[in-house]
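**Student:** Next up is a structure, given as structure tokens.
The values are calculated or read from the model by the stated rules, or taken from the named source; none is laboratory data. What you see is a predicted model; the values in this text were computed from it and never measured. Don't worry about glycine lacking a Cβ; one is built from the backbone with ideal geometry, like all the others, and counts go over all protein chains shown.
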Amino acid sequence: MSCELSETATPEDFARPRWVGQPDVLERAQRLSQKFEEAYGRAPVGVWAAPGRANLMGEYVDFSGGMCLPFAHQYVTLTVAAPREDGVLNAQSMQDADESVADDRPRSTRIDDIEPGVISGWFGYVAGVAWGMNRVARGASAHPVAVPELGLPTSFGADLMVDSTVPIGAGLASSAALECSVALSLFSLNTGNDHPNDALRRALARACMDAENYIVGANTGGLDQTASLRSHAGEILALDCRDFDVVRLPADPALAGLTWLAIDTRAPHKLADGQYSSRRAECEAAAAVLDVPTLRDALPEHPTPDDAAAVLDRFDHLLEVGAELTEDRENTRLRLRHSMTEMVRSVQIADELHSDSPDWAFVGRLLVEGHESMRDDCEVTVPELDAAVDGCLSAGALGAKVVGGGFGGSVIALVSLESVDRLAAAVQLCFAQNGFREPLFLTLQPSEAGRRIL
Ligand code: GLA
């Protein structure tokens, strides 16, 4: 990425990197409770918080059954709530939860009336969760069993007020944080259970996925919701998206003097929804050529780089002998190559993090390979993301990569604690020289999953 000075920006304009401060969750919760009282004329009964996530590896593979390596970070969305007995769900937001709909009007629906296609904007992430919970409860979703505890009786309703400390649209899973904090609040109001176990959290994550897939209409794969609801502080999740089983990896880079730096590029992301769906469609088309239910099934249990290469050879051969392909051939092959190598990288990092003293330099190199694959094969990066990675690496980061769905959003970098400020300044300068918007910097800590906080 070139760092030549543009005509419009000089390094002096961007002298000091802008840091997003640590969220003061309790203070925000109290303020939000006050807002709730003003809006609804009564006191709330509780406050629930759910975090966004970062992801070390396993991008664009959750919907193909691959392994992801997320952790929940410390930025949360808060839901303040009280129950109703008339089947109505009301919600208000302290911000525009959906960048495309500048809309913080109070929203309302009967829970019984929620169905695909009727709810617009940010309220889809809220109402969709109630719909998803009922769906999982009656066994109508892809969750392996019906989970009746999630069902909301016809008379159940709630008043909600939401607020987020997760940077919105930054690729750090603000949507999942909203869904998951709403899910925990509705579940707890309805059942009185403030401490759902992992099995219930897994079912709630599915309800949130269903909200996103069917009510919001985003064809995403469950990585974000699982991380938000099932992470533990200080741990990375090894999430097997075939069945959403998790293995917890207590991997703390601070023990090696390292930390996770996130750079929110603030790059405008247009067309992202259609692009995400087309990537998924190409992966599904590749699976159809290979005659496997999902791309994960094309690899053995413990895949190696050779296995990934063999799948590509097989794909080429099948097309040569006349297999039908519903998507563009070159794009599909690139997405397949990304999926295969990404699934292998996830396994390699998970193996490394199992060790008592992981080789973080090795992990860092894989992060960079992951970014290159997202750039060249998945084709979801933008110049700002590539510049942020290059800037981090040239200033001494062990590794850096785009996090989440791309087309804007954030990069995470593995950096030594003492180099954080120097690194941020280098990226800041690189952005200034390229005439990009000023980025935001955050340090991320693997944090606990969603929970009731008041
Ligand atoms: C978004 C989606 C996830 C996942 C990532 C890419 O965050 O919500 O399901 O596909 O993109 O890894």
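**Student:** For the subset of the range 384-401 comprising residues that are within 14 Å of residue 366 (Cβ to Cβ) and crowded, with 24+ Cβ neighbours inside 10 Å, which member is farthest from the chain's Cα centre (by Cα)? Even if it seems obvious, please write down each step before you answer.
**Tutor:** Restricting attention to the range 384-401, the residues satisfying the condition of being within 14 Å of residue 366 (Cβ to Cβ) are 389, 393, 397-401.
Subset that is crowded, with 24+ Cβ neighbours inside 10 Å: 389, 397, 399-401.
On the way: 389: 19, 397: 23, 399: 20, 400: 17, 401: 14 Å.
Among residues in the range 384-401 that are within 14 Å of residue 366 (Cβ to Cβ) and crowded, with 24+ Cβ neighbours inside 10 Å, the one farthest from the chain's Cα centre (by Cα) is 397.
**Student:** For residue 257, state whether it is more than 16 Å from the ligand (Cβ to nearest atom), under 22 Å from residue 57 (Cα atoms), surrounded by fewer than 23 Cβ atoms within 10 Å (Cβ to Cβ) and in the same structural domain as residue 121 (by TED's automatic domain parsing).
**Tutor:** On the way: more than 16 Å from the ligand (Cβ to nearest atom): yes; under 22 Å from residue 57 (Cα atoms): yes; surrounded by fewer than 23 Cβ atoms within 10 Å (Cβ to Cβ): yes; in the same structural domain as residue 121 (by TED's automatic domain parsing): no.
The answer is no for residue 257.
**Student:** Same structure again: Do we find a residue being free of Cβ contacts under 8 Å to residues at least 40 places away in the same chain, more than 16 Å from the ligand (Cβ to nearest atom), in the same structural domain as residue 337 (by TED's automatic domain parsing) and in contact with a helix residue (DSSP H, G or I) (Cβ under 9 Å, 6 or more places away or on another chain) anywhere in the range 432-442? Break it down stepwise before answering.
**Tutor:** From the range 432-442, those free of Cβ contacts under 8 Å to residues at least 40 places away in the same chain are none; that's our starting set.
So far as the range 432-442 goes, no, none of its residues is free of Cβ contacts under 8 Å to residues at least 40 places away in the same chain, more than 16 Å from the ligand (Cβ to nearest atom), in the same structural domain as residue 337 (by TED's automatic domain parsing) and in contact with a helix residue (DSSP H, G or I) (Cβ under 9 Å, 6 or more places away or on another chain).
**Student:** Can you go through 231, 277 and tell me which one is at pLDDT 95 or above and out of contact with any Pro (no Cβ under 9 Å at 6 or more places or on another chain)? Let's see the steps before the verdict.
**Tutor:** On the way: 231 fails: out of contact with any Pro (no Cβ under 9 Å at 6 or more places or on another chain).
Only one candidate qualifies: 277.
**Student:** Also, quick follow-up: Which condition number does residue 386 fail, the rest of (1) within 21 Å of residue 228 (Cα to Cα); (2) more than 16 Å from the ligand (Cβ to nearest atom); (3) of a type outside the set (Val, Ile, Thr) being met?
**Tutor:** All conditions are met except number (1).
**Student:** Of all the strands (runs of 3 or more DSSP E) wholly in the range 219-305, which have at least 3 residues that are in contact with a Ser or Thr (Cβ under 6 Å, 6 or more places away or on another chain)? Don't jump to the end; show me each part of the working.
**Tutor:** Details: elements: 236-240, 245-249, 258-264.
In the range 219-305, the matching strands (runs of 3 or more DSSP E) lie at 258-264.
**Student:** Can you spot a residue in the range 444-452 that is of a type in the set (D, E, K, R), in contact (Cβ under 8 Å) with a residue 40 or more places away in the chain, over 28 Å from residue 177 (Cα atoms) and touching an Asp or Glu at 6+ places or on another chain (Cβ under 9 Å)? Give the derivation first.
**Tutor:** Initial filter on the range 444-452 (of a type in the set (D, E, K, R)): 448, 451-452.
Remaining after also requiring in contact (Cβ under 8 Å) with a residue 40 or more places away in the chain: 448, 451-452.
Next cut, over 28 Å from residue 177 (Cα atoms) only: none.
Taking every residue of the range 444-452 in turn, none turns out to be of a type in the set (D, E, K, R), in contact (Cβ under 8 Å) with a residue 40 or more places away in the chain, over 28 Å from residue 177 (Cα atoms) and touching an Asp or Glu at 6+ places or on another chain (Cβ under 9 Å).
**Student:** Now a separate question. Output the residues belonging to the range 115-149 that are part of a loop (DSSP other than H, G, I, E, B), crowded, with 22+ Cβ neighbours inside 10 Å and touching a Leu at 6+ places or on another chain (Cβ under 8 Å).
**Tutor:** 122
**Student:** Restricting the range 22-77 to residues that are on the phi > 0 side of the Ramachandran plot and within 13 Å of the ligand (Cβ to nearest atom), which is farthest from the chain's Cα centre (by Cα)?
**Tutor:** Only one residue fits best here, namely 65.
**Student:** Another question about this same structure. Pairs please, first residue from the range 152-174 and in a loop (DSSP other than H, G, I, E, B), second anywhere and away from the ligand (no atom under 12 Å from the Cβ) and of a type in the set (Lys, Arg), Cβ atoms under 9 Å, 6+ apart in sequence or on different chains.
**Tutor:** What qualifies is 155/84; 156/84; 165/28; 167/266; 169/266; 170/266.
**Student:** Something else about it: Does residue 372 count as surrounded by fewer than 22 Cβ atoms within 10 Å (Cβ to Cβ), at pLDDT 95 or above and within 16 Å of the ligand (Cβ to nearest atom)? First the steps, then the outcome.
**Tutor:** On the way: surrounded by fewer than 22 Cβ atoms within 10 Å (Cβ to Cβ): yes; at pLDDT 95 or above: yes; within 16 Å of the ligand (Cβ to nearest atom): yes.
Against the criterion (surrounded by fewer than 22 Cβ atoms within 10 Å (Cβ to Cβ), at pLDDT 95 or above and within 16 Å of the ligand (Cβ to nearest atom)), residue 372 qualifies.
**Student:** Which one is nearest to the chain's Cα centre (by Cα) among residues in the range 211-227 that are aliphatic (A, V, I, L, M) and near the ligand (Cβ under 10 Å from one of its atoms)? Steps first, answer last, please.
**Tutor:** Step one: list which residues in the range 211-227 are aliphatic (A, V, I, L, M), which gives 211, 215-216, 218, 223, 227.
This time we only want the ones that are near the ligand (Cβ under 10 Å from one of its atoms), so: 218, 223, 227.
Working: 218: 13, 223: 6, 227: 8 Å.
Only one residue fits best here, namely 223.
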